[in-house]
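Throughout, read-outs are computed from the coordinates displayed, never taken from laboratory work. Keep in mind it's a predicted model, so treat the numbers as computed, not measured. Please note: Cβ atoms are built from the backbone with ideal geometry, for glycine as well, and neighbour counts cover all protein chains shown.
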Amino acid sequence: MFYQDEGERAVLLAVIHYLHVAIAVIWAGSTVFVGLAIWPMLARMPGEQAVALFTRLRPVVAGILGSMAGLTYLLGGFRAWLGGGVSGWGDLVAPYGLLVITAVVVMMAIESTGGRLRRQLNGLIQTPEAFVAHAAIAARRSGLIQLALLLGLLAIMVTLGLALY
């Protein structure tokens, strides 16, 4: 075990919970900013400038958002286990466990939407005319989908945090 007594467990749970929420907020805020500001701005730039900026930003954005998402998954799972909500496989079919699974699926959908847009922009950037015609619409659509999914994820987190299940 990671703790000796219930007092240590409570402190560890509080630290894990804080880190989970803090990193999730950074991930969510970054996702919204990139999805609704950075990619649409890039999509409105002239072709050569967009290519140069996208080439530099893509690995950084993927690395930061991917790392933050991974830490959020890890800490969220650890928090669910340490907090007692998911202490065994059977707990995954209880209301709390189903909400945790739903949160993971929604988070994966958010990350997948961002990854799909990056691949789409990468394809469009090869043809400047196609980029100008389609990139802004694709970026806006992706950003709005991610925002809607994030709001759904927030509702799940509030439900879990307030024990409304």
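Using 1/(1 + (r/R0)^6) with R0 = 35 angstrom and r between the beta carbons of R9 and A37, what's the FRET efficiency to the nearest 0.05? Once the sixth-power term is evaluated, E becomes 0.30. Highest mean first, the peptides 136-148, 11-23 sorted by other C-beta atoms within 10 Å per residue fall in the order 136-148, 11-23. Karplus-based coupling profile of region 4-17, in residue order and whole Hz: 8, 9, 5, x, 5, 4, 5, 5, 4, 4, 5, 5, 4, 4, with θ = phi - 60° in 6.51 cos²θ - 1.76 cosθ + 1.60 and x standing for Gly or Pro. For region 111-152, dividing the convex hull volume of the Cα atoms by the residue count gives 38 Å³ per residue.
Rounded to the nearest whole Hz, the Karplus-based 3J(HN,Hα) values (6.51 cos²θ - 1.76 cosθ + 1.60, θ = phi - 60°) of region 32-48 follow the sequence 5, 4, 5, x, 9, 10, 5, 5, x, 5, 4, 5, 8, 7, x, x, 5, with x at glycine and proline. Every helix of 4 or more DSSP H residues in the chain counts as -39500 (n - 2.57), and over all residues that averages to -29000 deg cm²/dmol at 222 nm. Ranked by the mean number of other Cβ atoms within 10 Å of their residues, highest first, the peptides 40-48, 74-82 fall in the order 74-82, 40-48.
If R0 is 30 Å, the Cβ-Cβ spacing of S67 and A133 corresponds to a FRET efficiency of close to 0.35. Using θ = phi - 60° in the Karplus curve 6.51 cos²θ - 1.76 cosθ + 1.60, the 3J(HN,Hα) couplings for region 96-109 round to 4, x, 5, 5, 4, 4, 4, 4, 5, 5, 5, 4, 5, 5 Hz; x is entered for Gly and Pro.
Cα-based radius of gyration for the chain, normalised by 2.2 N^0.38 Å, reads 1.24. Ranked by the mean number of other Cβ atoms within 10 Å of their residues, highest first, the peptides 112-122, 88-98, 59-69 fall in the order 112-122, 59-69, 88-98.
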